[in-house]
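The values are calculated or read from the model by the stated rules, or taken from the named source; none is laboratory data. Model, not experiment: these values are computed from the prediction. Positions of Cβ are generated from backbone atoms using ideal geometry, with glycine treated the same way; all protein chains shown enter the neighbour counts.
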Amino acid sequence: MSRLLLILLLSVSLSAPIFSQNADCEQTLNLAAAEFEAGRFYGLPSILKSCLEKGFSQEQKVRAYLLLTQVYLILDDPLAAEGSYLKLLQADPEYVANPAHDPIDVYYLSKKFTATPILTPHFQLGLNTSLQRVIYDNNTSSTPNQVATSKIFKLGYQLGGGLDWNITNRWSIGVGAAFSNKNFKTIVDDKNLYNRLTAVEKQSWFDFPVMLKYSADSGKIRPFFYGGLAANLLVGAKVTLDMNHQIDFSSTNVGVSQGPDAIITNKRNFFNRSIVLGGGAKYKIGKNFLYVDVCYMAGLTNLTKNIYRASDGKFDPLLAQYGYASNSFRLDNVSISFGYIKPLYDPRKKKRVVRSLLEKVGLKKVSK
């Protein structure tokens, strides 16, 4: 008990100077505001100097630099005013001057600056599920009309990251890179022979999307949407096969043929393409974000590669052992990911060329 009391006393004694310093600097800020209201401008920089160097919180720095910006504008010192507003943006990169509550000259000065990140990295991980879109149905049955095929969703996972190049506060071009595990299950029932073939295919991919992205630029929760194309590299594929033979589908007398996973990477096309559509929402925490992202990838490429041809004298061993013949198909994938965004804020003065270009294309209003 005495040890706990000692820890509490130490905590209070260490935090007391901090609280005292914050209180003193709040008084200093109030004094500076009173001096400003009284029209005594020249002494304000010296009043705020010590707390700006080592005492103000981030919120207090914003108020102090906003006050100094107004002072320097009144004193007709535009360079000092610009320097103060730049430091304000360094304290709060998402500060946006508003004529409803800021002096009009500060509002117009703010139009010369932006803190929009040039690049924004993000990292994510999540789950996915995949579905085949059959182009041509291949089977070994002598009575194809007696064959029923079922496609069953299986869970996979993905992890990766990306980088957004911000054109404006709301529009960006994003590139990504992710490793993903994509799985799907197929059941083929031959009602004529009472055979049931179950195939579970597990694939390993590297996905490289390029997207045009729109995102809300204010608020605690910020929705976003995107669309684009992706290059998809299928680097590994294996299939687990089970063949059940029954006297009839209601019989308990079952013959099972099962073996180890078969590597079928050579039966799949390595380079593939897909359309990417998605959206989600970002949740602001300090200067960074947590986000959830739902993405749909629609495959454009036939994954199946025909490597066994009778004219070449080649024969597929899986065809003889299990009666397995892969369909020609495209693969669609739906994923949900959770991630972290760390904007690389860059408070800076806008370049005239950029401002002129934004004015011409009508995007000036969405830039800080």
Conditions first: (1) in a loop (DSSP other than H, G, I, E, B); (2) at pLDDT below 75. SER311 passes all but one, so which condition is the exception? (1)
Looking at the stretch 85-92, is at least one residue touching a residue at least 60 places away in the same chain (Cβ under 8 Å) and either under 24 Å from the mean Cα position of the chain (by Cα) or closer than 19 Å to MET297 by Cα (or both)? no
Test each condition in (1) more than 18 Å from the chain's Cα centre (by Cα); (2) among the small types (Gly, Ala, Ser); (3) crowded, with 20+ Cβ neighbours inside 10 Å for GLY176 and report the one that comes out false. (1)
Taking THR140 and the conditions (1) at pLDDT 90 or above; (2) touching a Gly at 6+ places or on another chain (Cβ under 7 Å); (3) not hydrophobic (A, V, I, L, M, F, W, C), which numbered condition does it fall short on, given that it satisfies the others? (1)
Please work out which residue is farthest from the chain's Cα centre (by Cα), limiting yourself to the stretch 246-299 and to residues that are among the β-branched types (Val, Ile, Thr) and at pLDDT 95 or above. ILE275
Residue under question is ASN22, and the condition is that it be within 43 Å of the chain's Cα centre (by Cα), modelled with pLDDT of 90 or more and either in the same structural domain as ASP92 (by TED's automatic domain parsing) or assigned to a helix (DSSP H, G or I) (or both); does it hold? no
Can you find, within the stretch 147-166, the residue that is farthest from the chain's Cα centre (by Cα) among those that are over 30 Å from ARG196 (Cα atoms) and buried (at least 18 other Cβ atoms within 10 Å of the Cβ)? ASN166
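Can you tell me which residue in the stretch 54-75 is surrounded by the most Cβ atoms within 10 Å (Cβ to Cβ), limited to those that are in a helix (DSSP H, G or I) and of a type in the set (S, T, N, Q)?
Taking the stretch 54-75 first, the residues in a helix (DSSP H, G or I) are 54, 58-74.
With of a type in the set (S, T, N, Q) added as a condition, the list becomes 58, 60, 69-70.
Working: GLN58: 11, GLN60: 19, THR69: 26, GLN70: 21.
My answer is THR69.
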Please work out if LEU31 is modelled with pLDDT of 90 or more and either within 27 Å of SER218 (Cβ to Cβ) or crowded, with 17+ Cβ neighbours inside 10 Å (or both). no
For the subset of the stretch 268-295 comprising residues that are of a type in the set (Gly, Ala, Ser) and within 21 Å of PRO343 (Cα to Cα), which member is surrounded by the fewest Cβ atoms within 10 Å (Cβ to Cβ)? GLY286
